[in-house]
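Notes to accompany the following structure.
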Amino acid sequence: MIKIGFVGVGGWGRNLLRNFFDHPEAEVKTAADLVPERLREVRERYPGVEATDDYRRILEDGDIQAVVVATPGAAHYEIARQALEAGKDVFVEKPMTIAGERAEELARLADRKKLVLMVGHLLLYHPAVRKLKAELEAGALGDLYYLYSQRLNLGKIRKSENALWTFAPHDISVARYLIGSPARAVASWGESYIQPGVADVAFVRIRFAGNILAHIHVSWLDPHKVRKVTLVGSRKMMVFDDMDASEPIRVYDKGVPEALSYDTFGEYLNLRYGDVRIPWVKSAEPLKLECAHFIDCVRDRSRPLSDGWNGVEVVRILEAAQRSMETGGDEVTLKENAE
Ligand SMILES: NC(=O)c1ccc[n+]([C@@H]2O[C@H](COP(=O)([O-])OP(=O)(O)OC[C@H]3O[C@@H](n4cnc5c(N)ncnc54)[C@H](O)[C@@H]3O)[C@@H](O)[C@H]2O)c1
């Protein structure tokens with residue numbers, strides 16, 4: 001049994017707790033939170049789990065092998081660092097940290113101590129996102145030209161973390177995973193309407209190596225609930241709609257034939273409109289798969305798909321987007337990862 005300690009059992013932490021609690025190879029030993037109500041909930045629902053307001057109890061417990069950090073982002077670095085220093089494997093929620101340098105420090109520390117460090121980039125464990133990747137790798141779209149993703153809703157409005165840092169880690173991690181090449185430059189626009197200094201909406205443009213563009217639109221101030229990724233390739237186009245549980249992916253046989261002549265009137269008529277294919281996607285809870293992946297990595301001493309360095313890349317892009325947003329959209333160039 002892999003014994004686990006939890007730091008932060010709020011809105012999201014309690015979902016993680018349920019999943020790790022149900023995992024046959026994991027035992028949640030201790031859960032820490034600062035709010036007495038959260039601790040009371042843990043004691044009521046999970047009588048065998050020790051509930052404490054002091055997470056250092058977890059760090060000092062030699063029985064506990066792995067720590068899950070699900071506090072707000074600003075607290076991730078310090079708790080994850082202390083857990084790694086104490087020799088624990090760590091699962092840390094997104095965003096990994098709120099500063100790139102700090103994220104890099106954690107990734108290095110985990111490597112030096114040969115510990116597992118996994119970041120909660122949930123969508124990388126989504127069966128539909130895996131299917132998108134498989135379709136791309138099989139050449140279904142030809143060359144990928146660009147993608148755009150939308151994560152929109154009305155609420156839940158956070159007080160400290162803005163919509164960029166709250167939602168875009170998902171879209172950035174998916175774009176990076178699907179495109180497969182490093183990000184080179186970022187430009188971003190956003191605005192705060194409800195609370196001063198906390199952006200409610202952000203539009204982020206990322207240039208990836210290989211001239212592939214990604215555009216991300218995130219907002220908690222929008223009339224629509226949208227979670228969609230659209231990919232445009234040289235041969236076909238593909239859409240992932242996460243609000244459509246039964247048929248989340250559609251592949252459109254639409255495009256521009258390579259032999260297109262630009263001189264003739266026929267140009268317009270040459271566009272291709274073909275069939276729409278709906279690939280089968282296994283139905284499974286991404287969170288359950290994500291938690292199982294962490295347990296596999298801890299047991300097998302293997303590197304998670306969303307390891308510390310993957311977290312660093314996402315935080316670097318977020319940081320660049322934040323900087324760009326503050327300068328009214330100036331493009332920020334990214335350095336190569338120091339891995
Ligand atoms: N992967 C996803 O889809 C997803 C979804 C929602 C939230 N999240 C992430 O999960 C994290 C938590 O988000 P949330 O919505 O649960 O926030 P939340 O505010 O509801 O819960 C955070 C909890 O952490 C506790 N906490 C803070 N500092 C602590 C400390 N030093 N010791 C012990 N407990 C402490 C707070 O008391 C609170 O109960 C964030 O990083 C967020 O971005 C991820």
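How tilted is helix 36-45 with respect to the longest principal axis of the chain? Cα atoms for both, answer in degrees (0 to 90, nearest 10).
Orientation of helix 36-45: about 90 degrees from the principal axis.
Name the trypsin sites (Lys or Arg not before Pro) in the range 78-170 that are in a loop by DSSP and that have at most 12 other C-beta atoms within 10 Å, would you?
Of the trypsin sites (Lys or Arg not before Pro), the ones in loops of the range 78-170 whose Cβ has at most 12 other Cβ atoms within 10 Å are K114, K156, K159.
Could you give the C-alpha radius of gyration of the range 137-254 expressed as a fraction of 2.2 N^0.38 Å, taking N as the number of residues it contains?
For the range 137-254, the normalised Cα radius of gyration comes out at 1.11.
Set Lys and Arg Cβ to +1 and Asp and Glu Cβ to -1, take the dipole of the range 34-99 about its Cα centre, and tell me which of L59, V90, P72 lies farthest positive.
Final value for the positive-end residue is P72.
Within the range 1-33, which residues have the backbone N less than 12 Å from the label spot 7 Å out from R57 along Cα→beta-carbon, could you tell me?
Within reach of a label on R57, which here means backbone N under 12 Å from a point 7 Å along Cα→Cβ, the range 1-33 contributes 6, 29-33.
Can you give me the relative contact order of the chain as a percent, contacts being Cα pairs under 8 Å and 6 or more apart?
It rounds to 19 percent for the chain.
Filter the trypsin sites (Lys or Arg not before Pro) in the range 280-315 to those in DSSP coil with at most 15 other Cβ atoms within 10 Å of their Cβ, and list the result.
Sparse-neighbourhood loop trypsin sites (Lys or Arg not before Pro): K282, R301.
For V281, list long-range residues whose amide hydrogen, built 1.01 Å from N in the peptide plane, is under 5 Å from its own amide hydrogen.
Long-range HN contacts for V281: none found.
Which residues' amide hydrogens lie under 5 Å from the amide hydrogen of V68, considering only partners 5 or more residues apart or on another chain, with H built in the peptide plane?
G5, F6, V7, F91
Please determine, in degrees from 0 to 90 and to the nearest 10, the orientation of helix 13-22 with respect to the longest principal axis defined by the Cα atoms of the chain, where the helix direction is its Cα long axis.
So the inclination is approximately 80 degrees.
Ordered by packing density, taken as the mean number of other Cβ atoms within 10 Å over each peptide's residues, highest first, how do 64-71, 14-21, 50-57 rank? Each step should come with its number before you reach the end.
Details: 64-71: 24.8, 14-21: 20.1, 50-57: 15.6.
The peptides rank, most packed first, as 64-71, 14-21, 50-57.
Let a ≥ b ≥ c be the square roots of the eigenvalues of the Cα gyration tensor of the range 63-202; is it rounded (a/c under 1.5), or, if not, prolate (a/b larger than b/c) or oblate?
oblate
Any number yet on Rg/Rh for the range 1-117, C-alpha, Kirkwood?
Result for the range 1-117 is an Rg/Rh of 0.95.
If you stretched the chain out fully between V226 and K114, how much longer would it get, using 0.36 nm times the residue separation minus the C-alpha to C-alpha distance?
Full extension of this stretch gives 36.4 nm more.
For the chain, what is the per residue volume of the convex hull drawn over the alpha-carbon atoms, in cubic angstrom?
Per-residue hull volume (Cα only) is 154 Å³.
Tell me which residues come under 5 Å, amide H to amide H, from K254 once H is placed; ignore anything under 5 positions away on its chain.
Placed amide hydrogens put M237, G274 under 5 Å from K254.
All other residues with a Cβ under 14 Å from the Cβ of R45 taken together, and with Lys, Arg as +1 and Asp, Glu as -1, what is their net charge?
Neighbourhood net charge equals -1.
Over 22 Å between Cα atoms: which of K113/K133; K159/K288; K133/K282 fall into that group?
Violating the 22 Å limit, Cα to Cα: K113/K133; K159/K288.
So what is the accessible area of the chain per residue, in Å², with the probe set to 1.4 Å?
Working: 16250 Å² over 339 residues.
Accessible area per residue, the chain: 48 Å².
Before rounding to the nearest 500, sum -39500 (n - 2.57) across all DSSP H runs of length at least 4 in the chain and divide by the residue total; then give [θ] at 222 nm in deg cm²/dmol.
-10000 deg cm²/dmol
When the accessible area of the chain is split by element with a 1.4 Å probe, what percent falls to carbon and sulfur?
Numbers: 8210 of 16250 Å².
Of all accessible area on the chain, carbon and sulfur atoms account for 50 percent.
Under 17 Å Cα-Cα from K3, which lysines qualify once same-chain neighbours fewer than 8 residues away are excluded?
K3 reaches K29, K88.
Quick check on the chain: of the DSSP beta bridges with both residues there, what percent are antiparallel, nearest 5%?
60
What is the helix-to-structure angle for 286-300, meaning the angle in degrees between its Cα long axis and the longest Cα principal axis of the chain, kept from 0 to 90 and rounded to the nearest 10?
Around 60 degrees separate the two axes.
The values are calculated or read from the model by the stated rules, or taken from the named source; none is laboratory data. From a predicted model like this one, the values you see are computed outputs, not experimental measurements. We place every Cβ from the backbone using ideal geometry, glycine too, and count neighbours over all the protein chains shown. Keep in mind that these areas ignore ligands, DNA and RNA; they rest on the heavy atoms of the full protein, side chains included. Shrake-Rupley method; radii C 1.70, N 1.55, O 1.52, S 1.80 Å.
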